[in-house]
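The values are calculated or read from the model by the stated rules, or taken from the named source; none is laboratory data. As the structure is a prediction and not an experimental result, all values here were calculated from the model. Reconstructed Cβ throughout: ideal geometry from the backbone, glycine too, with neighbour counts over all protein chains shown.
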Amino acid sequence: MRDNTGNVTRMKIHSYGSGTLVNQEDETKTETGSSPSNITVDFLARTFTVSGMQLHNNIPGEGRVAQDTGTITFPIEVSDAKAGEYTVDFDLVLRSGGKHPEFVDWCSMVD
């Protein structure tokens, strides 16, 4: 969205990624995952918000072993509002709701 002067005011992004981790020593040990993400970049509020289920990972026979779900908001610095350019400060969480693990040991999941 843009204002009447042509500056970007809001961007909405939906992305989806998926993949499989395979244990190199025992290829029967695998883990699949995906990362559907909904992102809203609000240039007026200067925020970057990710909502929904950002990732979930499953191991055959065990089910879901990792999940990041909810909403998390970070501040942005706008470098060019007309071009929609910004930088996100992922080190500073402004708001958070839901389950957001700080660290996921992906390698140990397929041991």
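Regarding the range 62-85, can at least one residue be identified that is assigned to a loop (DSSP other than H, G, I, E, B), under 17 Å from the mean Cα position of the chain (by Cα) and touching a residue at least 12 places away in the same chain (Cβ under 8 Å)? Spell out how you get there, then give the answer.
Quick first cut of the range 62-85, residues assigned to a loop (DSSP other than H, G, I, E, B) only: 62, 81-84.
When the remaining residues are screened for being under 17 Å from the mean Cα position of the chain (by Cα), the result is none.
The answer is no; no qualifying residue exists.
So which residues in the range 1-60 are on the phi > 0 side of the Ramachandran plot, more than 17 Å from the chain's Cα centre (by Cα) and in a strand (DSSP E or B)?
Answer for the range 1-60, where residues must be on the phi > 0 side of the Ramachandran plot, more than 17 Å from the chain's Cα centre (by Cα) and in a strand (DSSP E or B): there is none.
Pairs, please: C-beta under 8 Å, at least 6 apart or cross-chain, first residue over 30 Å from residue 84 (Cα atoms) and in the range 27-43, second in a loop (DSSP other than H, G, I, E, B) and modelled with pLDDT under 85?
Partner pairs satisfying both residue conditions: 29/23; 29/110; 29/111; 30/23; 30/60; 30/110; 31/110.
Answer yes or no as to whether residue 98 is within 14 Å of the chain's Cα centre (by Cα) and either loosely packed, with under 15 Cβ neighbours inside 10 Å or modelled with pLDDT under 95 (or both). Walk me through it before giving the result.
Details: within 14 Å of the chain's Cα centre (by Cα): yes; either loosely packed, with under 15 Cβ neighbours inside 10 Å or modelled with pLDDT under 95 (or both): yes.
Criteria met by residue 98.
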